[in-house]
Amino acid sequence: MSSFVHYQIKSYIQSLKFIPPASLFLLWIFILYTYDNAPILSSYGASSIAIYLTITWISMTVFSLEEEQEKYILFFQLGRKEKYLIGKWLSIIVISLPLHAFAIFYPIMTDSFKGSLSLPLILISVSSHVIFSFFGILIGTLFSATKWGTKKYSWLSAVLVIVLSISAKSLAELASIANWFLWIFPPVFTVIKHMEEGDEILFLESLFTDSIFVLLYLIISFALLIILFKRKES
Amino acid sequence: MDIFKARKVSKEIAGVKVLQDISLCVSQGETIAIKGTNGSGKSSLIKLIGGIYEPSYGNIERAEMNIGYVPEHFPENIRFSINDYLHLIAKISGKLEQKINKKIESYVDVFAIGEFLQTPLRKCSKGTKQKVGIIQALLKEPDLILLDEPLTGLDQTTQSKVIKLLQAFANNTTIILTTHEQVLISELAPRIIEVDKGKIISDSFVEIKEKLNIIKAKVPQNSILQELTFIDQKLIEENTVEVKVPFTESDKVLKILLEQGCSIIELKEMR
Ligand SMILES: Nc1ncnc2c1ncn2[C@@H]1O[C@H](COP(=O)(O)OP(=O)(O)OP(=O)(O)O)[C@@H](O)[C@H]1O
Ligand SMILES: [Mg+2]
């Protein structure tokens with residue numbers, strides 16, 4: 001598997017497809033910390049959203065690296081189709097590591113925060129970045145490696161889903177009927193609500209249950225993705 | 001042992017029936033050629049056997065096996081050099097570094113692509129890409145080799161090299177290939193499957209005929225050659241005899257003829 005990840009990353013770097021999403025991401029972070037005295041959690045919340053979009057984009061480009069025949073060769077070299085999918089996910093995770101590091105350490109190094117960091121704050125922030133990158137992988141995979149991805153409007157649909165998931169809370173307030181279908185989207189608000197308050201409030205009672213909910217959401221959706229991927233590649 | 005079995009399998013892609021009512025059984029060690037006109041479903045059948053396609057209807061059984069696949073068209077856009085590509089691919093299939101190097105070297109020699117080793121694949125000629133397509137499939141020492149029109153785009157010498165290589169593999173490997181080339185069929189495959197409009201229309205075994213030489217010679221007396229009674233011979237006119245000998249026996253027979261004082265008039269391959 002590690003050699004497949006190696007192959008993917010080498011091929012991704014040589015394709016230069018990482019440049020647009022990565023530069024947009026860097027720009028976003030630079031702008032986010034233009035002014036000093038930024039509140040810690042909500043800034044990290046904002047960079048998590050940036051990760052969400054960027055990783056969706058990166059996932060879609062990673063899945064479009066190969067044409068059919070190259071993909072088939074890789075299926076046979078790997079022996080199983082699932083290995084291809086999981087290898088792609090691992091590759092995306094490896095590719096996203098520098099972005100995570102940048103999002104976390106840039107404000108610390110430039111001393112942009114108001115107040116001082118504590119371990120719990122860092123833990124919450126890192127988890128939120130990780131969770132949002134998984135949301136990104138989820139949406140990116142759905143619209144590039146399943147039957148949903150072969151449609152003409154896959155990019156548009158991906159953007160639509162991201163926008164809907166981010167604005168789910170407001171939509172639900174606008175029309176409660178929205179609740180009936182919004183649960184299917186990545187639970188952005190469940191994560192982000194812990195980062196909206198001031199930096200001192202941390203361990204809300206709901207933190208634990210929300211974490212469990214997000215974890216379950218991720219496990220179930222990734223399992224579904226494997227099924228959808230296999231259905232497409234059959 | 002059967003490695004693949006299909007019962008009444010159909011495959012639909014985007015509403016198009018690309019394969020229909022396929023019933024097929026492949027045993028370990030067989031060499032099979034699939035032929036048919038363009039668009040008849042050869043590539044689709046190969047994909048079904050290998051597992052790229054699963055049936056829409058009907059059922060199949062596939063043994064767990066290590067499969068090498070040579071696609072119909074080698075991918076156009078690979079940025080790796082041939083050397084990098086082959087090494088990466090071999091590692092993906094789980095081969096050990098030291099073992100790989102030797103094997104890659106030997107295939108590079110056989111196919112004479114040494115001078116292009118550092119060339120990015122996307123810039124290589126069609127034939128070179130095709131060679132790399134074949135090498136990547138053989139490198140993993142597969143139990144089953146699937147080749148989709150392996151000879152297209154290759155020059156005459158390379159074609160015979162591929163045939164030789166496959167003959168060597170055929171001893172302990174199952175080989176299934178699609179082809180329009182008669183040579184491949186006659187040199188390699190005793191079993192021929194013909195497809196048309198997505199259906200198997202014939203599935204038969206042919207005996208590979210042994211190559212024969214025909215030797216015409218003038219003989220000293222008007223007699224049957226005593227020493228060659230074991231060989232198919234006949235007098236075609238006075239003092240002239242025609243013998244049919246297996247390709248591999250020709251030298252021996254020629255020697256005997258000459259020793260008996262015959263003069264050779266003609267030696268040709270029998271068609
Ligand atoms: N992905 C696909 N979507 C729709 N139709 C397809 C697809 N793949 C194959 N077909 C159709 O299935 C039929 C058989 O295709 P296939 O590629 O198996 O033919 P073939 O015998 O390999 O032809 P050729 O000699 O040209 O390579 C063709 O009519 C083709 O249009
Ligand atoms: Mg074909």
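The values are calculated or read from the model by the stated rules, or taken from the named source; none is laboratory data. Just so we're clear, the structure is a prediction, and the values are computed from it rather than from any experiment. Cβ atoms come from the backbone with ideal geometry, glycine included; neighbour counts cover every protein chain shown.
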- Mind listing whichever residues of region B:133-144 are under 13 Å from residue B:162 (Cα atoms) and at the interface with another protein chain (Cβ under 10 Å from one of its Cβ atoms)? B:133, B:137
- Message: If I ask for residues that are within 14 Å of another protein chain (Cβ to nearest Cβ) and assigned to a helix (DSSP H, G or I), which ones from region B:118-130 would you list?
- Response: B:121, B:122, B:123, B:126, B:129, B:130
- Query: Is it fair to say residue B:43 is within 12 Å of ligand 2 (Cβ to nearest atom) and in contact (Cβ under 8 Å) with a residue 12 or more places away in the chain?
  - Reply: yes
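Based on what the data block shows, is residue A:54 of a type in the set (S, T, N, Q) and at pLDDT below 95?
Considered against the rule, which asks whether it is of a type in the set (S, T, N, Q) and at pLDDT below 95, residue A:54 comes out as no.
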- Before we move on, is residue B:164 away from chain A (no Cβ under 12 Å), of a type in the set (Lys, Arg) and over 19 Å from the mean Cα position of the chain (by Cα)? no
- Message: Looking at (1) touching a residue at least 24 places away in the same chain (Cβ under 8 Å); (2) within 16 Å of ligand 2 (Cβ to nearest atom), which one does residue B:73 not meet, given that it meets all the others?
- Response: (1)
- Hey, residue B:16 hits all of (1) touching a Leu at 6+ places or on another chain (Cβ under 9 Å); (2) over 22 Å from residue B:182 (Cα atoms) but one; which does it fall short on? (1)
- Message: Looking at B:159, B:167, can you tell me which residue is surrounded by 14 or more Cβ atoms within 10 Å (Cβ to Cβ), more than 16 Å from ligand 2 (Cβ to nearest atom) and assigned to a helix (DSSP H, G or I)?
- Response: B:159
- Query: Taking region A:25-77, which residues are within 14 Å of another protein chain (Cβ to nearest Cβ) and assigned to a strand (DSSP E or B)?
  - Reply: none
